[in-house]
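The values are calculated or read from the model by the stated rules, or taken from the named source; none is laboratory data. Note that the coordinates shown come from a computational prediction; the quantities given were computed from them, not determined experimentally. Note that we place each Cβ from the backbone using ideal geometry, even for glycine, and neighbour counts take in every protein chain shown.
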Amino acid sequence: MGAWYMRARDWQYHDPFVVPPLKEGDPTLKPAREDAAHFMVRMAHEFPHQVTLYCGGPLTNPALAMELDPEFPELVKELVVMGGSINPHTPNAEFMHSPQREFNFWFDPEATHKVLHGHWPKVTATTVDISVKTRVEKAMLDEIGRAQTPVAQYVSKYGRAGNYMWDELAAAAWIDPSIITREETLFMDGEIDHGAGYGNTLNWEPGMNPGMGEQLVHVQDDLDTVKLYRLFVRLMTGPTPRARNGSTQ
């Protein structure tokens, strides 16, 4: 994902090994010495059946964790994924003619395929289908901006009204499942044949799946947008947990 980044409304491309300066300032924290896959495996063993794995991007790291420890999925409490696209009703050109294309799944199709074959106790997916029913509203950003916490000021300054709330919805629905008003249970997989559909989202109704190791997934279908928006504003304007003197320790 480091092969490009977005500045303002224009895409700026750069070498994938280059980390460009951020307009809001670069972080000062040093990276952890432990990579993400080893960290996830270690946490699952230290806290068996207590860890919820939230994935708001490509599934490369969970797939690597499964390579390190095939029992990793069974040690996790649940898997929450923002990813996949089935049949979204939207005029968005990105999905109108390619409804099963979604970035997080097609960025690493083999990882998607591997993760969706893992024996997780529960898998929940926030797909494009439900994500396009949400929007960041200017009124929300204005309300958030009236709070003086660093997070609120950052979100109000760099947030973009009109954006879909992809990852925010996935996280919010994990915190408060009542935000989701309708879901369905489907078998899901990622297409790994190297043809035109490479990386597409595959899905089947129970009983119509091919039975090749794919797992059942709780696929969110509709939501209470007002409840989502209020939770988002409350979280973005509240104090940072365990914050001391305006910073996290």
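Considering the range 198-215, and only residues there that are surrounded by 16 or more Cβ atoms within 10 Å (Cβ to Cβ) and not acidic (Asp, Glu), the residue that is farthest from the chain's Cα centre (by Cα) turns out to be ASN209. Taken over the range 64-80, the criterion of being charged (D, E, K, R) and part of a loop (DSSP other than H, G, I, E, B) is satisfied by ASP69, GLU71, LYS77. Screening TYR164, TYR158 for residues that are over 16 Å from the mean Cα position of the chain (by Cα) and either under 30 Å from GLU24 (Cα atoms) or among the basic types (Lys, Arg) (or both) leaves exactly one candidate, TYR158. Restricting THR134, THR124 to residues that are hydroxyl-bearing (Ser, Thr, Tyr) and closer than 23 Å to VAL41 by Cβ narrows the list to THR124. Within the range 84-104, at least one residue is surrounded by 21 or more Cβ atoms within 10 Å (Cβ to Cβ), over 21 Å from GLN50 (Cβ atoms) and among the small types (Gly, Ala, Ser).
Summed over the range 81-116, residues that are assigned to a loop (DSSP other than H, G, I, E, B) and not small (Gly, Ala, Ser) total 15.
Residue by residue, here is whether (1) part of a loop (DSSP other than H, G, I, E, B); (2) crowded, with 17+ Cβ neighbours inside 10 Å; (3) touching a residue at least 12 places away in the same chain (Cβ under 8 Å) holds:
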| residue | (1), (2), (3) |
| --- | --- |
| GLN148 | yes, no, no |
| VAL155 | no, yes, yes |
| ARG160 | yes, no, yes |
| ALA171 | no, yes, yes |
| THR185 | no, no, yes |
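Among the criteria (1) closer than 18 Å to PRO62 by Cα; (2) assigned to a helix (DSSP H, G or I); (3) of a type outside the set (Asp, Glu), the one ILE130 does not fulfil is (1). Pick from GLU102, GLU110, GLU191: which is more than 18 Å from the chain's Cα centre (by Cα), closer than 20 Å to PRO62 by Cβ and acidic (Asp, Glu)? Just a single option satisfies the conditions, and that option is GLU191. Hey, could you check the range 36-63 for residues that are touching a residue at least 24 places away in the same chain (Cβ under 8 Å), over 17 Å from the mean Cα position of the chain (by Cα) and part of a helix (DSSP H, G or I) and say which is surrounded by the most Cβ atoms within 10 Å (Cβ to Cβ)? Of everything passing the filter in the range 36-63, ALA44 is surrounded by the most Cβ atoms within 10 Å (Cβ to Cβ).
Here TYR164 does not qualify as under 18 Å from PRO109 (Cα atoms), hydroxyl-bearing (Ser, Thr, Tyr) and at pLDDT 95 or above.
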